[in-house]
1. Got a number for residues in the range 142-158 being at pLDDT 95 or above and either touching a Gly at 6+ places or on another chain (Cβ under 8 Å) or farther than 22 Å from Gly62 by Cβ (or both)?
2. Can you go through Ala18, Ala84, Ala72 and tell me which one is surrounded by 22 or more Cβ atoms within 10 Å (Cβ to Cβ) and at negative phi?
3. Could you list all residues from the range 46-69 that are open to solvent by less than 10 Å² (accessible area, probe 1.4 Å) and more than 16 Å from the ligand (Cβ to nearest atom)?
4. What is the one condition in (1) part of a loop (DSSP other than H, G, I, E, B); (2) modelled with pLDDT of 95 or more; (3) closer than 18 Å to Tyr243 by Cα; (4) within 17 Å of the chain's Cα centre (by Cα) that Asp197 does not satisfy?
5. Can you pull out the residues in the range 1-23 that are away from the ligand (no atom under 14 Å from the Cβ) and not in a helix (DSSP H, G or I)?
6. Could you tell me whether the range 89-111 includes any residue that is within 13 Å of the ligand (Cβ to nearest atom) and either on the phi > 0 side of the Ramachandran plot or not aromatic (Phe, Trp, Tyr) (or both)?
7. Give the range 127-151 a look and list any residue that's within 16 Å of the ligand (Cβ to nearest atom) and surrounded by fewer than 17 Cβ atoms within 10 Å (Cβ to Cβ), or say none.
8. Going by what's in this entry, would Phe99 be described as within 30 Å of Leu29 (Cα to Cα) and touching a Ser or Thr at 6+ places or on another chain (Cβ under 8 Å)?
Amino acid sequence: MRYAILADIHGNLEALQAVIEEIECDGPLNGIWCVGDLVGYGPNPNECIQLIRRYPNVCVLGNHDAAAVGLASIDDFNLEAATACRWTTSELSEENRLFLDGLPERAEVDTFTLVHGSPQYPLWEYLYSAKRASRNFRYFSSPCCLVGHTHVPLIFSLDGQSSSEGGGDSLYPLTALTGESRMILNPGSVGQPRDGDPRAAYAVYNSECQQIEYKRTWYDMTPTQKKMLEAGLPSSLAMRLSYGR
Ligand code: ZN
């Protein structure tokens, strides 16, 4: 079985469609596991939720999802994020609002725990460093944990008591074997990458060989940016898609 591991889609429909198309080019997609932030920033929150829901899915709540439906405050958001959040709230259909409102902060599937930020603080903690990640291994019991939130693809593996990290270009092409050590994996962001590479980032898990492959795909972001500007979303949010920052 093949599962898409997606994070931080942020209402970017063109990126999400490109990722799903690419995965399906290589064979059937049996389900989508999404570690939060389906909405916020991008111009198509409803369409992204609907596309994910066409597949068997396991999704957890991200901080932008929570804020969009009033489960978290936007006080900690910067001006652009807060503006986009208010816009998203006004756009969400009742059905999609209820979907986000019902998402758990943590889920378990196969050999994975899913959270948005970190196992210790699912909504808000950013796992950028091996030091911070190492503290988090005690907050989940499954072999692996999938996270998002930083918009940067990373892998932390637990070796004894310490964890090491791998990221950036060294991840591509990368195949992580989940049976080998305990890991915290971040596939990077579908809809707003921040590692300097504007291509949509994601990972595919093959359960037969217990293999996770990190991938990037190009998509035409011109329509996404045009829709953002037309909707009155901050232009800096549209521009940053071009740079992957
Ligand atoms: Zn995010």
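The values are calculated or read from the model by the stated rules, or taken from the named source; none is laboratory data. Source: prediction; values computed, not measured. As a convention, Cβ positions derive from the backbone with ideal geometry for all residues, glycine included, and neighbour counts pool all protein chains shown. Accessible surface areas use protein heavy atoms only, side chains included; no ligands, DNA or RNA. Shrake-Rupley method; radii C 1.70, N 1.55, O 1.52, S 1.80 Å.
1. Counting residues in the range 142-158 that are at pLDDT 95 or above and either touching a Gly at 6+ places or on another chain (Cβ under 8 Å) or farther than 22 Å from Gly62 by Cβ (or both) gives 4.
2. Unique residue meeting the criteria: Ala84.
3. Scanning the range 46-69 gives no hits.
4. For Asp197, the failing item is (2).
5. Hits for the range 1-23 are Met1, Arg2, Tyr3, Ala4, Ile5.
6. no
7. Tyr128
8. The answer is no for Phe99.
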